[in-house]
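Enquirer: Take a look at the following structure, please.
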């Protein structure tokens, strides 16, 4: 044993904690529907705003949402970014588009991937359509939708984004 | 009416990627000791300690204030720990001030810190949550789409963000404590840097830093006795709004506007650009400067970028409303501390104590912090005079 | 100093597992009952909101942000949060009112501890270099403290069992309690050791749930026309984290906080003490010098249900309930945080005198 002791300047202390997560009531309903290939939101009884994915409340009014609303799986690009760094623990290869999308019938956006597109052509107001995984692979997850791809529909004027009915532009 | 309170001591640590030479206790104590020395006070003079930091997953310790009481001389005293996400450094300062402004205490110490090198901040921010899509590639990934919408609305030229990135790093080169020291940075260098989340480039983004910031806040009576000029707290405000609701303006959130209006009213400010001498504003990604210039009423809607491009916010260009003379969050970002650093640097300015990044004759300054999905705001106005 | 009063208190049932509810679904029903108690709608009707919670209990950074969705925070509100029991959120709110920036405040605390293993999660609330890597769970630390008490002859196992028996009996009249019933000290002593010298019954359960409170200046309370209880004093105090450096058989900081909050200014009819372990109720009762004239934990206390991050606020709420109902004139409520009663907060409540 040497007389000179090594000075310890750091220790590694890994933290390993197990959690058994449950989805809330609203999320459970949403996931049950998406397992059947249906995208849904919930409507606020006070201000009528439709939230997706629903969390059980209208955040503006502070009241519970109950009414389920079926949404289209077509959406409008509210905004987006082209990401050049990978997501930890996600196999997706950069560069990829992450977009804030408002599905027809909803009043708020969710984020999802876009693909089958030229990154530089993506723009605010663009119309997109969900591309689903094969039905046999559907699970209780938003990932049943692989990504959204651009479709040939007229752009939505910016002041109408988040205000389209479930029937889209024509409705 | 609130009692008058003032900052009489400020202490910071050198900000850097990893402070491997101190434990967390050592880090906070360093800032606290610096603040006490600045105030010419001892541990026994402090009646209560208010600590703030961002999510505990950044270090991996739950409720670390319990372990830090020895380091902060708090045994036998009250200790409070604030957590309001990214705005926490600012809210902590406001909560600390309320201890004195409420007449409950006369002299308190407040510390905000982050030693995020100990865990993995990017993981903690992007930790996959069950039942949600796992698409979060860092805070920049969240803010980039909002910036894109600002660019569309304002028709700002592509290089506004680049100009801010250069300006704040040149300011930081005047501040020996700043993490990023880039005195030779150029517009071209920033433009050529790696595009992380289009339109945000690597050099337009904040670093990840370890660091701590502390202040001593005292009553009016004790402030008049302090050896160095106090920074009088002329106003303080907080506002929160939900992350997501129909019709939310994510580019210029209502909570930010309301918070600014509240703090300006308290401080008697009607024209922020003219009435304030400088501002320390939470700008973690370059484009947030023009966006906050509008949100905070320094420029009309859609014109914040013009103010930036004119050089008005640059100390080096002799601007009339320098922003982030310390280098700001773009130079140093210990997340839990960043808000308090803004508040403290504003206080340094009005005490005439900002060294090489001092705004000549600064008498009134704004400190600003925000957090979460740009939904939590805390702000204060400090002045060289009581009113 | 301004007189501040409690005007409303509500809590959810303490349940071992709230099941499929997220934070918003857990909090919102409690908040709505609390607003309704005063005739208010949502957070727009109070001047300030402050909450207490702990990210690690939920296993997600920023878990508390979800709570904001339950408030009705549009237009934006003045809102803050402490990563501590909501009793400390009450403290922050009192300062806000005292400084004149609010005349009323909503305080709430919540947790869903069931997804994780709470005692193990809490092992990471320790010194990260010397203690946390040992993964000492919170129950084991309490057990060490109980062992010190027993070996010093300060309590007996029977004393501990009597605390539990009383708690279960008292909890029978508490509609929110998780554990209640008739169980004698003998039955408890006959049970197996869990973590020596603690039996399972000596330890509080893990509970999911939320509690909420509204406070206001006396003027505002009178304007609302609701019964109110005066907060005549509140203070808190922390001790060293290093367990070897304090006397774990006493609670000096509880005594200090109580004195500074003005406990000695009158009789203490009722005391709700945040004692997650039976021996700790004895430590606290003695530290506060409470005698036979004080009813201790008439709600059953935390041994009957432990809403982590809300239990401290709930103690204050339980005393409020008893004073406003006329069962007591004056009482104290205690909250604790950290291993083995490291950090303690005491609130003194008094019946409002007729105007």
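The values are calculated or read from the model by the stated rules, or taken from the named source; none is laboratory data. Please read these numbers as outputs of a predicted model, since none were measured by experiment. FYI the Cβ positions are ideal-geometry reconstructions off the backbone, even for glycines, and counts take in every protein chain you see.
Enquirer: On the given criteria, is residue B:46 away from chain A (no Cβ under 14 Å), surrounded by 21 or more Cβ atoms within 10 Å (Cβ to Cβ) and either out of contact with any helix residue (DSSP H, G or I) (no Cβ under 6 Å at 6 or more places or on another chain) or under 21 Å from residue B:22 (Cβ atoms) (or both)? Give the derivation first.
Expert: Details: away from chain A (no Cβ under 14 Å): yes; surrounded by 21 or more Cβ atoms within 10 Å (Cβ to Cβ): yes; either out of contact with any helix residue (DSSP H, G or I) (no Cβ under 6 Å at 6 or more places or on another chain) or under 21 Å from residue B:22 (Cβ atoms) (or both): yes.
Answer is yes for this residue.
Enquirer: Right, another one. Assess whether residue C:61 counts as being part of a loop (DSSP other than H, G, I, E, B), more than 11 Å from chain A (Cβ to nearest Cβ) and crowded, with 21+ Cβ neighbours inside 10 Å.
Expert: Taking the combined requirement at face value, the residue satisfies it.
Enquirer: Being assigned to a loop (DSSP other than H, G, I, E, B), within 14 Å of chain B (Cβ to nearest Cβ) and farther than 23 Å from residue C:310 by Cα is the filter here, so list the residues in the stretch C:239-249 that pass it.
Expert: C:240, C:242, C:246, C:247
Enquirer: Further question on the same structure: Scan the stretch C:34-43 and tell me whether some residue there is in contact with a strand residue (DSSP E or B) (Cβ under 9 Å, 6 or more places away or on another chain), closer than 20 Å to residue A:65 by Cα, more than 10 Å from chain A (Cβ to nearest Cβ) and part of a helix (DSSP H, G or I).
Expert: So far as the stretch C:34-43 goes, yes, one or more of its residues are in contact with a strand residue (DSSP E or B) (Cβ under 9 Å, 6 or more places away or on another chain), closer than 20 Å to residue A:65 by Cα, more than 10 Å from chain A (Cβ to nearest Cβ) and part of a helix (DSSP H, G or I).
Enquirer: Considering only residues that are within 7 Å of another protein chain (Cβ to nearest Cβ) and part of a loop (DSSP other than H, G, I, E, B), look in the stretch A:54-83 and name the one that is nearest to residue C:76 (Cα to Cα).
Expert: Checking each candidate, the answer is A:60.
Enquirer: Only strands (runs of 3 or more DSSP E) wholly contained in the stretch C:254-355 count here; list those with 1 or more residues that are at pLDDT below 95.
Expert: none
Residue-by-condition table, conditions (1) at the interface with chain C (Cβ under 10 Å from one of its Cβ atoms); (2) touching a strand residue (DSSP E or B) at 6+ places or on another chain (Cβ under 7 Å); (3) in a loop (DSSP other than H, G, I, E, B):
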| residue | (1), (2), (3) |
| --- | --- |
| A:26 | yes, yes, no |
| A:31 | no, no, no |
| A:47 | yes, yes, yes |
| A:102 | no, yes, no |
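Enquirer: Given the stretch C:192-238, what strands (runs of 3 or more DSSP E) lie entirely inside it while holding 2 or more residues that are closer than 16 Å to residue C:45 by Cβ? Reasoning before the result, please.
Expert: Numbers: elements: C:193-195, C:209-217, C:229-238.
Here the list reads C:209-217.
Enquirer: Of the residues C:123, C:138, C:104, C:111, which single one is over 23 Å from residue C:60 (Cα atoms), more than 8 Å from chain B (Cβ to nearest Cβ) and either buried (at least 20 other Cβ atoms within 10 Å of the Cβ) or in contact (Cβ under 8 Å) with a residue 24 or more places away in the chain (or both)?
Expert: Only one candidate qualifies: C:104.
Enquirer: Checking residue B:165 against (1) touching a helix residue (DSSP H, G or I) at 6+ places or on another chain (Cβ under 6 Å); (2) within 14 Å of chain A (Cβ to nearest Cβ), only one condition comes out false. Which one?
Expert: (2)
Enquirer: Given the structure, is residue C:143 over 20 Å from the mean Cα position of the chain (by Cα), more than 9 Å from every other protein chain (Cβ to nearest Cβ) and buried (at least 18 other Cβ atoms within 10 Å of the Cβ)?
Expert: yes
Enquirer: Conditions first: (1) part of a helix (DSSP H, G or I); (2) closer than 21 Å to residue B:100 by Cα; (3) more than 23 Å from the chain's Cα centre (by Cα). Residue B:191 passes all but one, so which condition is the exception?
Expert: (2)
Enquirer: Something else about it: Go through the residues of the stretch B:212-235 one by one and say whether even a single one is surrounded by 23 or more Cβ atoms within 10 Å (Cβ to Cβ), assigned to a helix (DSSP H, G or I), within 13 Å of another protein chain (Cβ to nearest Cβ) and over 16 Å from the mean Cα position of the chain (by Cα).
Expert: Checked against the condition, which is being surrounded by 23 or more Cβ atoms within 10 Å (Cβ to Cβ), assigned to a helix (DSSP H, G or I), within 13 Å of another protein chain (Cβ to nearest Cβ) and over 16 Å from the mean Cα position of the chain (by Cα), the stretch B:212-235 yields no hits at all.
Enquirer: Out of curiosity, is residue A:131 surrounded by 22 or more Cβ atoms within 10 Å (Cβ to Cβ) and either within 14 Å of chain B (Cβ to nearest Cβ) or within 17 Å of the chain's Cα centre (by Cα) (or both)?
Expert: Answer is no for this residue.
Enquirer: Can residue C:151 be described as free of Cβ contacts under 8 Å to residues at least 60 places away in the same chain, within 20 Å of residue C:280 (Cβ to Cβ) and within 13 Å of chain B (Cβ to nearest Cβ)?
Expert: Taking the combined requirement at face value, the residue does not satisfy it.
Enquirer: Only one of these is in contact with a strand residue (DSSP E or B) (Cβ under 7 Å, 6 or more places away or on another chain), part of a strand (DSSP E or B), under 21 Å from residue B:240 (Cβ atoms) and within 12 Å of chain A (Cβ to nearest Cβ): C:49, C:68. Name it.
Expert: Criteria check complete, one pass: C:49.
Enquirer: Any idea how many residues of the stretch B:236-251 are surrounded by fewer than 24 Cβ atoms within 10 Å (Cβ to Cβ) and either away from chain A (no Cβ under 14 Å) or free of Cβ contacts under 8 Å to residues at least 12 places away in the same chain (or both)?
Expert: Count: 6.
Enquirer: Return the residue satisfying two criteria in turn: it lies in the stretch B:184-202 and is more than 14 Å from every other protein chain (Cβ to nearest Cβ) and touching a residue at least 24 places away in the same chain (Cβ under 8 Å), and of such residues it is farthest from residue A:120 (Cα to Cα).
Expert: Among them, the one singled out is B:187.
Enquirer: I've got another one for you. Just to be sure I understand the filter: pairs with C-beta atoms under 7 Å, separated by 6 or more residues or on different chains, first member in the stretch B:206-218 and under 7 Å from residue B:333 (Cα atoms), second member modelled with pLDDT under 95. Which pairs pass?
Expert: What qualifies is B:208/B:116; B:208/B:121.
Enquirer: Something else: Of (1) assigned to a helix (DSSP H, G or I); (2) surrounded by fewer than 23 Cβ atoms within 10 Å (Cβ to Cβ); (3) in contact (Cβ under 8 Å) with a residue 12 or more places away in the chain, residue B:157 satisfies all except one. Which?
Expert: (1)
Enquirer: Looking only at the stretch C:7-25, which residues are outside any loop (DSSP other than H, G, I, E, B) and either over 17 Å from residue C:68 (Cβ atoms) or without any contact (Cβ under 8 Å) to a residue 12 or more places away in the chain (or both)? Before the answer, list the steps.
Expert: From the stretch C:7-25, those outside any loop (DSSP other than H, G, I, E, B) are C:7-11, C:15, C:23-25; that's our starting set.
Those that are outside any loop (DSSP other than H, G, I, E, B) and either over 17 Å from residue C:68 (Cβ atoms) or without any contact (Cβ under 8 Å) to a residue 12 or more places away in the chain (or both): C:7, C:8, C:9, C:10, C:11, C:15, C:25.
Enquirer: A follow-up question, please. Working only within the stretch B:65-105, note down all residues that are facing chain C (nearest Cβ under 8 Å), part of a loop (DSSP other than H, G, I, E, B), free of Cβ contacts under 8 Å to residues at least 60 places away in the same chain and more than 25 Å from residue B:377 (Cβ to Cβ).
Expert: B:69, B:70, B:74, B:75, B:76, B:78
Enquirer: Residues that are modelled with pLDDT of 95 or more and under 17 Å from the mean Cα position of the chain (by Cα), at least 1 per element: which helices (runs of 4 or more DSSP H) completely within the stretch B:253-305 meet that?
Expert: So the answer is B:254-267, B:288-295.
Enquirer: Among residues belonging to the stretch C:77-95 that are surrounded by 24 or more Cβ atoms within 10 Å (Cβ to Cβ) and assigned to a loop (DSSP other than H, G, I, E, B), point out the one that is nearest to the other protein chains (Cβ to nearest Cβ).
Expert: For the stretch C:77-95, the residue satisfying everything is C:83.
Enquirer: What are the residues in the stretch B:119-138 that are in contact with a helix residue (DSSP H, G or I) (Cβ under 7 Å, 6 or more places away or on another chain), more than 8 Å from every other protein chain (Cβ to nearest Cβ) and surrounded by fewer than 21 Cβ atoms within 10 Å (Cβ to Cβ), if any?
Expert: Across the stretch B:119-138, the qualifying residue is only B:119.
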